[in-house]
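Everything on this sheet refers to the single structure shown next.
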Amino acid sequence: MKTFKRLLAIGAALTLSAGFAVGCSVETPPDLSADSSVTIEEGKSQLYVFSFAGGYGTEWLSDLARRYEEANADKSFESGKKGIQVIPTNSKSQVSSTVIKNGKEMVYFAEQVDYYGDLKGNNAVADITKAVTGKNPYDAEGVTLESKLYDDQKSYFNINGAYYAYPHYLTSFGFVYDVTLFNERGYFFAQDRVADTSNQQIWMTGQFINTTNRTVKSKGPDGQSGTSDDGLPATYEEFFTLCDYIAMKGDMPMLWTGQYYSGYMTHIINALASEYEGYQQMRMNFTFNGTATNLGKIVNGQFVEDTTDTPITSANAYELKRQAGKYYGLSFVDKLFKQNFVTDNHFSSTYSHLDAQEAFLKNVISGDANNKAVAMLAEGTWWESEAQPVFNELRKNANYQEREYAWMPLPKATASKVGEKSVMYDIMYPLCVVKGGVTDWRYDAAIDFVQFANSQESLEAFNNITGVPKAVKYEMKDTTKMSAFGKSLYTFTKNADIVFPYSNSPLFVSNQTNFSEINGGAWNSKVNPDKTPTVTFHEKKTSAADFFTGMYDYAKAQEIYK
């Protein structure tokens, strides 16, 4: 690994853009003062903890604080005091080195931050190697926080032999579907299907299960029978057939936020690209080391794959803009935007992600035959936690019955890809850090808290409360407390490869905006510079093929590769 000093010298620091990402952050100045309603318990030591309270809410931290206090009720952290009081600061504002330096908090759970250039580069974070590699008093013998890391995380978070951050939660974009609705309306593909296409409506109906002769579901994207994705669309073609069928039956195939469609749907493109490319090929977008096997170009409006593979280095990493997965992801969303069920709400600046979640959850209980039920939602992994106010409202209705929701494995671009291992792309750079300069008992308490927060007990508690896994390796010992959605996401995650969008490559560290899906830099195209592909498609500026070609032209002209 290159020395950190050299990495910093190569380029300027970066602050990731929050506005592009999930619409969960706000642009108001952060309020990092502890809750004034908290009564300080003078006989205890106080540990101040900050959390970005976006989609995952605040309940998990309240639970973590309570359990930590109970576990250390008889421990003395500082002379003359017994026990500890955890005082949380929950905010929807993003964290930076300046915020941490000026804040009272000792531990920070954040996302969308620049670890190398801002936090470490400006000496805002403490060395937490002791917490990561040392014995964890809250875990089984020999289990360290480091042992739970993926190899990519070890190489990224470890700077010259020391850790200054630890991963937080898992964040990814994809599709959520209403399993109850799919079962009620027969929206699962059948194993045996009608082949005659002379009557479009009969053919369409004949592709799906029904109550009579077509009751066995087809193989899903994993290409196997008897698994959780049976009956789900295995390919892009099947996905759009499903949308047509749902619309024909009078329901809404899919919703997404209009207010944040630029970010949400560009993240969907990226998820589709990752699914096509697979772990090794997608990781090259950050390591710039390997052989690209799926590059191609547009010929007469069609993607044509190269006949030879291309070795990738930092000097020619712009070639990765020609990855087939990126073309197919662009084409999928471009086509999705053109579907006849897409309404003004899908692009309205006043139609928030919360509006879309509410419509997804409420349309199925009205009992009004003219009220379209929403079958699928384009969202992030955190949606269920974020939508808890709607769930709570629905549960007050005596006629409401709990419904089952699940994470939908992404369809494959082509039939030849069916059966390949699924891939998740962790998008939001979530991490946990300790404030730099913290000393004495406060440092020891912060280290201890980080270890407790990432113990097996706390990982499971976070998973149960939010419905989303932490971004480290662990097995849930008890899944009975999880929702149906939480179980589906956990199962999917355990069976998928995870791409973490970072590396310690000098080119990446020095030019993170160029490779980040957060702020759209990874999707810049010469045909519409500084605009996301989704905005470009919605405004009908160009086709997916032209946008794809423009990405390569834009990247090749950048000085960072010279």
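Has the stretch 504-521 got at least one residue that is under 29 Å from LYS104 (Cα atoms), in the same structural domain as ALA140 (by TED's automatic domain parsing) and within 21 Å of the chain's Cα centre (by Cα)?
Among the residues of the stretch 504-521, not one is under 29 Å from LYS104 (Cα atoms), in the same structural domain as ALA140 (by TED's automatic domain parsing) and within 21 Å of the chain's Cα centre (by Cα), which makes the answer no.
Return the only residue of PHE208, PHE240 being modelled with pLDDT of 95 or more, in contact with a Leu (Cβ under 9 Å, 6 or more places away or on another chain) and either of a type in the set (S, T, N, Q) or surrounded by fewer than 21 Cβ atoms within 10 Å (Cβ to Cβ) (or both).
Within the list PHE208, PHE240, the selection yields PHE240.
Kindly check whether there is at least one residue in the stretch 252-275 that is touching a residue at least 40 places away in the same chain (Cβ under 8 Å) and surrounded by fewer than 17 Cβ atoms within 10 Å (Cβ to Cβ).
no
Is it the case that some residue within the stretch 453-468 is out of contact with any His (no Cβ under 8 Å at 6 or more places or on another chain), touching a residue at least 12 places away in the same chain (Cβ under 8 Å), at positive phi and not hydroxyl-bearing (Ser, Thr, Tyr)?
Yes; the residues of the stretch 453-468 include at least one that is out of contact with any His (no Cβ under 8 Å at 6 or more places or on another chain), touching a residue at least 12 places away in the same chain (Cβ under 8 Å), at positive phi and not hydroxyl-bearing (Ser, Thr, Tyr).
Which members of the stretch 514-561 meet the condition of being polar (S, T, N, Q) and in a helix (DSSP H, G or I)?
ASN514, THR534, THR536, THR549
Please work out if SER510 is of a type outside the set (Val, Ile, Thr) and buried (at least 17 other Cβ atoms within 10 Å of the Cβ).
So SER510 passes the test.
Going through the stretch 48-71 one residue at a time, which ones are part of a helix (DSSP H, G or I), in contact with a helix residue (DSSP H, G or I) (Cβ under 6 Å, 6 or more places away or on another chain) and over 16 Å from VAL107 (Cβ atoms)?
Listed by number, the list holds a single entry, GLU59.
Could you tell me which numbered condition GLN280 fails, if it satisfies all but one of (1) surrounded by fewer than 17 Cβ atoms within 10 Å (Cβ to Cβ); (2) more than 26 Å from the chain's Cα centre (by Cα)?
Here GLN280 meets the rest and fails (2).
Is there a residue in the stretch 462-475 that is in contact with a strand residue (DSSP E or B) (Cβ under 9 Å, 6 or more places away or on another chain), surrounded by fewer than 20 Cβ atoms within 10 Å (Cβ to Cβ) and either outside the structural domain of GLU141 (by TED's automatic domain parsing) or of a type outside the set (A, V, I, L, M) (or both)?
Yes, the stretch 462-475 contains at least one residue that is in contact with a strand residue (DSSP E or B) (Cβ under 9 Å, 6 or more places away or on another chain), surrounded by fewer than 20 Cβ atoms within 10 Å (Cβ to Cβ) and either outside the structural domain of GLU141 (by TED's automatic domain parsing) or of a type outside the set (A, V, I, L, M) (or both).
If I ask for residues that are at pLDDT below 95 and in contact with a helix residue (DSSP H, G or I) (Cβ under 6 Å, 6 or more places away or on another chain), which ones from the stretch 386-404 would you list?
TYR400, ARG403, listed by residue number.
Taking LYS249 as the residue in question, decide whether it is surrounded by fewer than 24 Cβ atoms within 10 Å (Cβ to Cβ), among the basic types (Lys, Arg), touching a Gly at 6+ places or on another chain (Cβ under 8 Å) and assigned by TED's automatic domain parsing to the domain that holds GLU358.
no
If the requirement is being crowded, with 22+ Cβ neighbours inside 10 Å and out of contact with any Asp or Glu (no Cβ under 8 Å at 6 or more places or on another chain), which of these qualifies: VAL438, VAL433?
VAL433
Checking PRO30 against (1) under 22 Å from LYS435 (Cα atoms); (2) in a helix (DSSP H, G or I); (3) at pLDDT below 90, only one condition comes out false. Which one?
Failed condition: (2).
Checking THR439 against (1) free of Cβ contacts under 8 Å to residues at least 60 places away in the same chain; (2) closer than 30 Å to TYR279 by Cα, which test does it fail?
Unmet for THR439, out of (1) free of Cβ contacts under 8 Å to residues at least 60 places away in the same chain; (2) closer than 30 Å to TYR279 by Cα: (2).
Would you mind telling me which numbered condition in (1) touching a His at 6+ places or on another chain (Cβ under 9 Å); (2) closer than 30 Å to LYS219 by Cβ; (3) modelled with pLDDT of 95 or more LEU431 fails?
Of (1) touching a His at 6+ places or on another chain (Cβ under 9 Å); (2) closer than 30 Å to LYS219 by Cβ; (3) modelled with pLDDT of 95 or more, only one is false for LEU431: (2).
Out of the residues in the stretch 269-295 meeting the condition of being in a loop (DSSP other than H, G, I, E, B) and of a type outside the set (A, V, I, L, M, F, W, C), tell me which one is nearest to THR414 (Cα to Cα).
ASN294
I'd like the full set of residues that are of a type in the set (A, V, I, L, M, F, W, C) and surrounded by fewer than 17 Cβ atoms within 10 Å (Cβ to Cβ), limited to the stretch 128-154.
ALA140, VAL143
The values are calculated or read from the model by the stated rules, or taken from the named source; none is laboratory data. Treat the numbers as computed from the prediction; the structure is a model and nothing was measured. Please note: Cβ atoms are built from the backbone with ideal geometry, for glycine as well, and neighbour counts cover all protein chains shown.
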